[in-house]
Ligand SMILES: Nc1ncnc2c1ncn2[C@@H]1O[C@H](COP(=O)(O)OP(=O)(O)OP(=O)(O)O)[C@@H](O)[C@H]1O
Ligand SMILES: [Mg+2]
């Protein structure tokens, strides 16, 4: 059997595949595409919820100029989609490859490499639509402004040095190139770079807009949703539309499969089981796959932490924590859900809350440093319990 | 002779012995053609790997079991050569980027994944067009290596699906969590572990001893791998096995127990010195410092049980967590273990003197 990295075998296989007339090198059909990709916005107007940004960018389609840009915001809010859609609308499909350079964190981005790549790209001849009527038609559809775009996606993972080196590069080629930096944390972009760009903030999606988009997709895919499902999706994904769409698709597959299976069993039944589209996604399924810790698990920890019981507080807290760790709940999730609970608990006096916040801050830092989760959670719970016990 | 752990490892989703709902969920995902990227997480010994292997078989059929091992070399930008091992079938491959360490795992991810993503599935009749890359110890990936996955996961999704395996999601950056479906694998319950032991008896033609199984299940701390190793040891060490056969802890754990008893009994510089040799011994034998510290902490808290003061135990946990964090940040593990020992003595001393804990 041919191995994965056997180049010759791979070539042979590719040759065999392309020579045989059967369409073995099948294109990915929409059916097999993850919905996040299938429903990636193709034009600026497809982008949901980032109204201000989109209005401004729409205007640049008419004008023949574009500033350097910096997009920032949490994951799954449309940053990459927006710049790709903008580029496509500016240049059209034929010129995308020659006019747009995308460098992201999966590319080597050391100082010299970025400089080289940018230089080569910037210096290459400016491609244009073909002369003649076809070109005129093309220009009617796409403005094709006289500069190229360099997208530095996931720019917050570039080193400070590499960013500094970019300043010069940006200036050197500013006549013929525009940069678009994309990142999650604007603070990780050095000031001299950030100040050269127009900044666009991408907000976590608000529930109305996110729900609208999710309903569109569900409608398109023939997924039936119980009332409240979109709300649940938006809630558990915290405004990250990518996450919400993945949850929706997975939930649809899960109910689809179970439905299909039970459909087989009761074949004779009068119940109308119409393949996958007959199944309904429920709020319970969404909550289950979202990885959110159920309320009663968190409550169990909370009540073990309460003062004034006969039994040893240490052992009751330690037992609950041991169970939670064995059940695989991640510490980060425990910390954030417990924090919510404590913070919104009106019965806890402010002074205590202040003390508790400090404990959370310390433990969060430790977890980010990779500290052991079991010890961290136990320590957190015991110390918060101590604060509760203070009078 | 194969170990019990390997010999009776279930190979398909149908034969997995616990979490039936989870198995059903994985089957549903595998049968749909638009399988998502997965992040499978849960405590060690919960059976993540076994489940993943079964999932691959559900995805591609028995062909995934024909694996071979590839040795690859990568070059860093500073021209260092990195040797890296890949386990692969025609349909999937499995990598452990943390093998090459935090400074270089990014290089492996950047080169390898793109290369895979750009090649087609070899077997034209494969059930899925995409290949699966299983990434072990994903929570040990550096941030840069994780960032390197981001666009690759999106751009090459027609050719590539990732299954990330991790003990926790805490160290996985938000953009990666956003791109994966999270699947939690809880450790089996004590009862489930006992059942697995019983079912193994049937296959090995041993007489089942429910009381012993239950004890092992509890002692294992809901870690199935550990339970199986313990059971194997008990069966190997004793001619006749009964409900009361003692379950000897592994040597290193016994040694940690000795350390705990010594420092509870004597609080002195001389004792610290004696204990240092033992702690060193543990580290030399490749017991991870965090494991030493945790095991020691639980042993100490257990010994304090009779005295039963909650405050002291909380204090011990607090400093254990403190020094464990130090271990992560520092480089000389023995320093922090020793500092914890000294701190423990101090805590106990002040407690016995009835002093306020005031450090
Ligand atoms: N504003 C939006 N409108 C419509 N779809 C969106 C939007 N934001 C995200 N999506 C959906 O989520 C997917 C991912 O979005 P995108 O790649 O643009 O996120 P991003 O902001 O670049 O995230 P990251 O910071 O993780 O790279 C898209 O393919 C699309 O399906
Ligand atoms: Mg992006």
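Numerical summary
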read-out	value
Enumerated helices (runs of 4 or more DSSP H) restricted to the range B:250-359, each holding at least 2 residues that are touching a residue at least 60 places away in the same chain (Cβ under 8 Å)	B:251-265, B:269-284, B:333-352
Residue ID - nearest to the other protein chains (Cβ to nearest Cβ), chosen from residues in the range B:78-92 that are outside any strand (DSSP E or B) and in contact (Cβ under 8 Å) with a residue 12 or more places away in the chain	B:90
Qualifying residue in the range B:103-118 (condition: within 9 Å of another protein chain (Cβ to nearest Cβ), at pLDDT 90 or above and more than 26 Å from residue A:32 (Cα to Cα))	no
Residue match in the range A:28-40 (condition: within 29 Å of residue A:160 (Cα to Cα), within 14 Å of another protein chain (Cβ to nearest Cβ), in a helix (DSSP H, G or I) and more than 9 Å from ligand 1 (Cβ to nearest atom))	no
Filter pass, residue B:167 being in contact with a strand residue (DSSP E or B) (Cβ under 8 Å, 6 or more places away or on another chain) and surrounded by fewer than 19 Cβ atoms within 10 Å (Cβ to Cβ)	no
Filtered residues of the range A:154-199 (kept if more than 16 Å from ligand 1 (Cβ to nearest atom), within 14 Å of another protein chain (Cβ to nearest Cβ) and in a helix (DSSP H, G or I))	A:160, A:161, A:162
Checklist (1) touching a helix residue (DSSP H, G or I) at 6+ places or on another chain (Cβ under 7 Å); (2) within 16 Å of ligand 1 (Cβ to nearest atom); (3) more than 14 Å from chain B (Cβ to nearest Cβ) applied to residue A:52, failing item	(1)
When residues of the range A:129-153 are limited to those that are assigned to a loop (DSSP other than H, G, I, E, B) and touching a residue at least 24 places away in the same chain (Cβ under 8 Å), the one nearest to residue B:154 (Cα to Cα)	A:153
Selection within the range B:94-120 - in a loop (DSSP other than H, G, I, E, B) and more than 23 Å from residue B:39 (Cβ to Cβ)	B:103, B:119, B:120
Test: residue A:62 is away from ligand 1 (no atom under 16 Å from the Cβ), under 15 Å from residue A:146 (Cα atoms) and more than 14 Å from chain B (Cβ to nearest Cβ)	yes
Restricting the range A:50-95 to residues that are assigned to a loop (DSSP other than H, G, I, E, B) and either within 21 Å of residue B:155 (Cβ to Cβ) or within 16 Å of ligand 2 (Cβ to nearest atom) (or both), the residue that is modelled with the lowest pLDDT	A:50
Hits in the range B:132-158 (condition: outside any helix (DSSP H, G or I), more than 16 Å from ligand 2 (Cβ to nearest atom) and more than 8 Å from chain A (Cβ to nearest Cβ))	B:132, B:133, B:134, B:135, B:136, B:137, B:141, B:142
Sole residue being more than 16 Å from ligand 2 (Cβ to nearest atom) and out of contact with any helix residue (DSSP H, G or I) (no Cβ under 9 Å at 6 or more places or on another chain), chosen from B:165, B:125	B:125
Qualifying residue in the range A:340-361 (condition: surrounded by 14 or more Cβ atoms within 10 Å (Cβ to Cβ) and within 9 Å of chain B (Cβ to nearest Cβ))	no
Candidates A:167, A:115, A:109 - the one that is within 16 Å of ligand 2 (Cβ to nearest atom) and without any contact (Cβ under 8 Å) to a residue 60 or more places away in the chain	A:109
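Yes or no, residue by residue, for (1) more than 16 Å from ligand 2 (Cβ to nearest atom); (2) within 14 Å of chain A (Cβ to nearest Cβ); (3) surrounded by fewer than 22 Cβ atoms within 10 Å (Cβ to Cβ):
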| residue | (1), (2), (3) |
| --- | --- |
| B:177 | no, yes, yes |
| B:192 | yes, yes, yes |
| B:198 | yes, no, yes |
| B:205 | yes, no, yes |
| B:213 | yes, no, no |
| B:219 | yes, yes, yes |
| B:225 | yes, yes, yes |
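The values are calculated or read from the model by the stated rules, or taken from the named source; none is laboratory data. Here the structure is a predicted model, which is why all the values come from computation and not from measurement. All Cβ positions, glycine included, derive from the backbone under ideal geometry; neighbour counts span all protein chains shown.
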